[in-house]
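Let me begin by presenting the structure, written as structure tokens, before commenting on it.
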Amino acid sequence: MGKIFNRGAGASLPRGIWRTEVAVRIGELRNRVRIASCMPPRSGLTPCEHDRLTEAVDRCLDRAQTAIEQDRRRREHMRSWWAGTSMTTGWESIHEAELHLLSLEDVEDAKTTLPWLLTWVRRAMNRGPEKARHEKNLASQIDGRKLDRTQARQALRDVIVANNARYANLRAFRNNLVVVTALLAGLVAALCAWHALNPSILSLCSSGGTEPSCLAGTTSRPADVALVALVGALGGMLAIAFGLAKTKSPPSRYDPRAWLGLLKPVAGAATALIAVALIQADILLGPDGEHSEMLLLSYAAIFGFSQQLLTQFVDKRAESLIEADGASGSGAGDAEPS
């Protein structure tokens, strides 16, 4: 028998890949329950209980299949993506089926799941007496010959709860990140459009000297704010490479890294605009001498890259939710072991 945990359940690669993963797990679990249904009831299980557990597994797998079909509907996809309803229903149904199979299968097949369950407990649950108890019980059952189904089921149920809580936190973090990025991008775009229609709204001209010194020449152009924002966004995109270099774990089920990548150029554009405006207003220490367009745009790129100092706290929070090591210290879980 294969292991009961999903292979790569944390993967979030192309859109809808989870449907393929759940479909594969449905097929695997259906084969296992069919094999178990063909065998006599295991020791300690009545024929009626054997049949009811088989029916329960089938109901869970049917519910997972329904979640896949619902997620394929275009009108439901965005709502499901935001709330995670279809994905959560699909995977929780798979895990519930695994719980029933743990009671249904014979000792030999059930014991093959214990090493994977122990690995999942160690990675997904927070440090504490509950985790230590499950680790001790599972390790003793793996080393010995006796199988305690009650302890194994309780460990599986607790790790599913911890894993679901972790994904709920990660989904909420991703959604907040989407909202903040969209609002900031909208504000920058609105400011650029407003300045293009009325250049006097936000002047990037210096107030010092006998005549104003603007980004280019002595007058403010309609495209000045958009140009500074674009250069700042380019500087922010350079910071994405640092995040890629530090990536250790595979993408999560609700992977926020793509939205972190979008946040950096947007934050870079906003940071560059604020920095150039403060330099021109002599509030922020700027370059000595005449302010040329290329010099100010270079400062815009530098400050756009420096948004990394502001977004690093968001990066750390994301990594604490994704990384397995963060589970034990920050209340975050980890994905099911592959």
query: ALA83 is checked against (1) closer than 22 Å to ARG174 by Cα; (2) surrounded by fewer than 20 Cβ atoms within 10 Å (Cβ to Cβ); (3) at pLDDT 90 or above and fails just one. What number does that condition carry?
result: (3)
- prompt: Of the residues ARG32, ARG63, ARG52, which single one is part of a helix (DSSP H, G or I), of a type outside the set (A, V, I, L, M) and in contact (Cβ under 8 Å) with a residue 60 or more places away in the chain?
  reply: ARG32
- line: Within the stretch 205-248, the residues that are modelled with pLDDT under 75, assigned to a helix (DSSP H, G or I) and loosely packed, with under 12 Cβ neighbours inside 10 Å are LEU244, ALA245
query: Which one of these does THR54 not meet: (1) hydroxyl-bearing (Ser, Thr, Tyr); (2) in contact with an Asp or Glu (Cβ under 9 Å, 6 or more places away or on another chain); (3) under 23 Å from LEU114 (Cα atoms)?
result: (2)
message: I'd like the full set of residues that are at pLDDT below 90, among the charged types (D, E, K, R) and closer than 30 Å to ASP255 by Cβ, limited to the stretch 16-50.
response: ARG19, GLU21
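The values are calculated or read from the model by the stated rules, or taken from the named source; none is laboratory data. All figures in this text were calculated on a predicted structure; none of them were measured in a lab. Methodologically, a virtual Cβ is constructed for each residue, glycine included, from the backbone with ideal geometry; neighbour enumeration extends over all protein chains shown.
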